[in-house]
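See below for the structure under consideration.
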Amino acid sequence: MADWNPNNRACTTTWTTLRVLDQTDKPFKKSGTITMDKLTYWNAAATPAMRKLQATTIATQMDNFFREVRGAKYEKGVAQQSAVEDSVETLTDAEKTISDLAGVCDDNYLFWGEDING
């Protein structure tokens, strides 16, 4: 689990994006430990294939929001397909948390104000 911190752009951007996408309505402080099966897209009756399709939609929307609205760029060597696939892998694991998802996003994106040179 990533360090859930309001000073971490990956955490705040992941959280605000999930809020905009109506996946959670919880305040930031309580959101880091929310598991993927508590997001609104999660349907316990869905087949694994349907859940993956839904997660791919969410991950693609997140990718678009990160880049087109929040000004994120991909980390060096990361392509859109791999960034989305990494998010899908997390989104389809019921036990992963929003904090885990933020960690995956942090690995794949440079968020506004982050230095590409580290």
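The values are calculated or read from the model by the stated rules, or taken from the named source; none is laboratory data. Note that this is a predicted model, so its numbers are computed, not measured. Methodologically, a virtual Cβ is constructed for each residue, glycine included, from the backbone with ideal geometry; neighbour enumeration extends over all protein chains shown.
For (1) under 11 Å from residue 98 (Cα atoms); (2) free of Cβ contacts under 8 Å to residues at least 24 places away in the same chain; (3) charged (D, E, K, R), each residue gets a yes or a no:
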{"position": "23", "(1), (2), (3)": "yes, no, no"}
{"position": "27", "(1), (2), (3)": "no, yes, no"}
{"position": "32", "(1), (2), (3)": "yes, no, no"}
{"position": "44", "(1), (2), (3)": "no, yes, no"}
{"position": "51", "(1), (2), (3)": "no, no, yes"}
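From the list 86, 100, 93, the lone residue that is among the charged types (D, E, K, R) and more than 10 Å from the chain's Cα centre (by Cα) is 93.
Just name the residue that is nearest to residue 44 (Cα to Cα) out of those in the range 59-113 that are in a loop (DSSP other than H, G, I, E, B) and aromatic (Phe, Trp, Tyr). Walk me through it before giving the result.
Residues of the range 59-113 in a loop (DSSP other than H, G, I, E, B): 70-72, 75-79, 92-96, 111-113.
Then keep just the ones that are aromatic (Phe, Trp, Tyr); that gives 111-112.
On the way: 111: 32, 112: 35 Å.
Within the range 59-113, the match that is nearest to residue 44 (Cα to Cα) is 111.
Of the residues making up the range 1-27, those that are buried (at least 16 other Cβ atoms within 10 Å of the Cβ) and outside any loop (DSSP other than H, G, I, E, B) are 9, 10, 11, 12, 13, 14, 15, 17, 18. Here residue 79 does not qualify as surrounded by fewer than 14 Cβ atoms within 10 Å (Cβ to Cβ), hydrophobic (A, V, I, L, M, F, W, C) and modelled with pLDDT under 95.
Scanning the range 33-52 finds one or more residues that are closer than 17 Å to residue 4 by Cβ and assigned to a helix (DSSP H, G or I). For the range 14-28, state whether one or more residues are closer than 17 Å to residue 92 by Cα, touching a strand residue (DSSP E or B) at 6+ places or on another chain (Cβ under 9 Å) and not aliphatic (A, V, I, L, M). The answer is no; no qualifying residue exists.
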